[in-house]
1. Where the second residue is β-branched (Val, Ile, Thr) and the first is outside the structural domain of Met18 (by TED's automatic domain parsing) and lies in segment 44-68, which pairs have Cβ atoms under 6 Å and are six or more apart or on separate chains?
2. How many residues, within segment 36-84, are in contact with a helix residue (DSSP H, G or I) (Cβ under 9 Å, 6 or more places away or on another chain), exposed (fewer than 10 other Cβ atoms within 10 Å of the Cβ) and not hydroxyl-bearing (Ser, Thr, Tyr)?
3. Residue check: is Arg42 touching a Leu at 6+ places or on another chain (Cβ under 8 Å) and of a type in the set (D, E, K, R)?
4. Looking at this structure, is Lys43 at pLDDT 70 or above, touching a strand residue (DSSP E or B) at 6+ places or on another chain (Cβ under 9 Å) and within 26 Å of Lys19 (Cα to Cα)?
5. Tell me, which residue of segment 1-17 that is surrounded by 10 or more Cβ atoms within 10 Å (Cβ to Cβ), outside any helix (DSSP H, G or I) and of a type in the set (A, V, I, L, M, F, W, C) is modelled with the lowest pLDDT?
Amino acid sequence: MAKKERLIDTKLVVLFLMKIILGKNNHGYAYIINEIWAECARKRTPSPQHKPVSALSICEARMELSDDAIKTINRNIISVWKDKNHPKTGKEHQLFAVDGSKLNIPRGLLEDGYKILKNTTLAPKPLTGLYR
């Protein structure tokens, strides 16, 4: 049985993921795909492919992209961002997030000296800050 030919290249998948990550709105896959092609037309740059792909196709192509590739891209983006932005720190800690998400506090953090409020459990807590 012949191997199925890959119709979506890695560059398009990464571009698609960047649009999702950097997007300010929660648009669906089809919207983002059409946005990529419209942006190419506006800027008169070649489209990634002759015609837009389906949302299902880009989803399947994303699943074929290895987790290590995504982690490498993420590390490189953070590295470039840090070099250009010199993130501010508070008390020598770099702030990563403040959003109120609920988070389970791993016991290992307590062993490393992290504190939680007295009279509380390790059940999920609203995240007020995540820093290094």
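1. none
2. Going through segment 36-84 one residue at a time, the tally reaches 2.
3. The answer is no for Arg42.
4. So Lys43 fails the test.
5. Once the filter is applied, the top-ranked residue is Leu7.
The values are calculated or read from the model by the stated rules, or taken from the named source; none is laboratory data. Quick caveat, the model's predicted, so the values are computed rather than measured. Neighbour counts run over all protein chains shown; Cβ positions are idealised from the backbone, glycine included.
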